[in-house]
Amino acid sequence: MSAVSRFNPAHLPPDKIDAPVVCCAFHGGKLLVQRAGDALQLPRLDPGQLLATLGERHYVGTLDGEHCFAVGLAHDAPLPPAAELLGMRAFILEADDVFSAVAGYALQIVEWSRTHRYCGSCGKPTAVHVSDRARDCPDCRLTYYPRISPVVMALVTRGRQLLLTRKPGYAAGRYTVVAGFVEPGETLEHALIREVREETGVDSAHPLYFGSQPWPFPNSLVMAFALEYTGGEVRADGVELEDARWFDIDALPELPEAVHISRHLIDATIARLRRGKY
C-alpha cells in the first residue's frame, strides 16, 4: 500500500472520535515510541487519554484508517511505562517509511505552533485560525502558516564520474552530494548552479529534476537534480565542505543511507551512466 493511501493529511478533526487514535507525541524534541518485537510503533491512546495529555494537540489526518494527532508534550508530562523516547533521526533510520514521513510532518507542526505563539511583528499572543492550518495575530491581522524552507540538491556528472562531497562532522569516509538553501529571489536552477560553484568551484548546467523529499530538520523540502559538468577545477570551499572530489562510478566511497533522497539520486544516476546515457 502506498504512503499516499496509508496517510491522508487533514487539519480539522471530526466532531466525534470514539476509537483509539495514533499519537506522534514529542517530549524535548524526541518522539514517544513503543516496540513490538523488532518493529517500532507509534502509541495509540483512547480519546479520553488524549484529552488528558499535558501539551498541545494537533489533528494531522488519518494513518492506516485511524485518526492521528501530533502532540507537543509538556516538560512535566508523565510518560507511559512501556514507552521509549527516540530522536527523530534514529526513528527515520529504523522505522517504516510511512511512519517516518508522518512523524516528520507531525514534528514540523508541533515546532511551528510552539515557535509562533506570539506575533513576530507586535508580540501579541496569536490564535488558531478558524479554518486553515495557521495562527492569526488579532492585532496586526497577520497570518502565520507552517514554514517550509526549499533546499536544492545537486549531483554533478562528468562522463562516468560523480562529484561527491563531505561536510565537517559527516560520518567518516562517507560522501554525498552538494546541497543548500534557496535564497530569496532565486529560481531553483540559479540556486543549484550557485551552490555547486560556491562549495566546489565547479561550473554546471542542464539540471535534470529527479524528485523531492520533505525533511523535518527543521522544516525543509529537498528537491534533487542531476547536472552536467561544464568547467572549473574542483576544490572544497573549506567552510561548508571539508572535501570534494570526482569518483568513478566503479570506485565509489561510502554513500548516504537509503532513507535519504541523495542516495536514490546517486543510485539512479549510476544506473543511467552504466547504460551509457551521459
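The values are calculated or read from the model by the stated rules, or taken from the named source; none is laboratory data. Because the structure is predicted, anything quoted here is derived from the model rather than measured. As a convention, Cβ positions derive from the backbone with ideal geometry for all residues, glycine included, and neighbour counts pool all protein chains shown. Side chains included, ligands, DNA and RNA excluded: accessible areas come from the protein's heavy atoms. Shrake-Rupley method; radii C 1.70, N 1.55, O 1.52, S 1.80 Å.
Residue count for the range 18-68, restricted to those that are closer than 17 Å to Trp112 by Cβ and among the hydroxyl-bearing types (Ser, Thr, Tyr): 1. Against the list (1) of a type in the set (D, E, K, R); (2) in a strand (DSSP E or B); (3) over 24 Å from Ile148 (Cβ atoms), the condition Asp76 fails is (2). Each residue in the range 101-121 was checked for being part of a loop (DSSP other than H, G, I, E, B), hydrophobic (A, V, I, L, M, F, W, C) and either loosely packed, with under 12 Cβ neighbours inside 10 Å or under 22 Å from the mean Cα position of the chain (by Cα) (or both), and 0 pass. Taking the range 196-223 as the range and being open to solvent by less than 30 Å² (accessible area, probe 1.4 Å), touching an Asp or Glu at 6+ places or on another chain (Cβ under 9 Å) and modelled with pLDDT of 95 or more as the test, the residues that pass are Val196, Glu199, Thr200, Gly201, Val202, Ser204, Ala205.
Listed here are the residues, each with its yes/no results for (1) touching a helix residue (DSSP H, G or I) at 6+ places or on another chain (Cβ under 9 Å); (2) hydroxyl-bearing (Ser, Thr, Tyr).
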position	(1), (2)
Gly120	no, no
Thr126	no, yes
Val130	no, no
Arg133	yes, no
Asp139	no, no
Ala154	yes, no
Arg158	no, no
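When the range 247-278 is filtered for residues that are under 18 Å from Arg174 (Cβ atoms), hydrophobic (A, V, I, L, M, F, W, C) and either open to solvent by less than 40 Å² (accessible area, probe 1.4 Å) or touching a helix residue (DSSP H, G or I) at 6+ places or on another chain (Cβ under 9 Å) (or both), the ones remaining, listed by number, are Phe247, Ile249, Leu252, Leu255, Ala258, Val259, Ile261, Leu265, Ile266, Ile270. Could you list, in sequence order, the residues of the range 160-182 that are part of a loop (DSSP other than H, G, I, E, B) and within 14 Å of Phe225 (Cα to Cα)? Correct list: Val177, Val182. Somewhere in the range 85-93, is a residue of a type outside the set (A, V, I, L, M, F, W, C), assigned to a loop (DSSP other than H, G, I, E, B), open to solvent by 50 Å² or more (accessible area, probe 1.4 Å) and modelled with pLDDT under 95? No, the conditions are met nowhere in the range 85-93.
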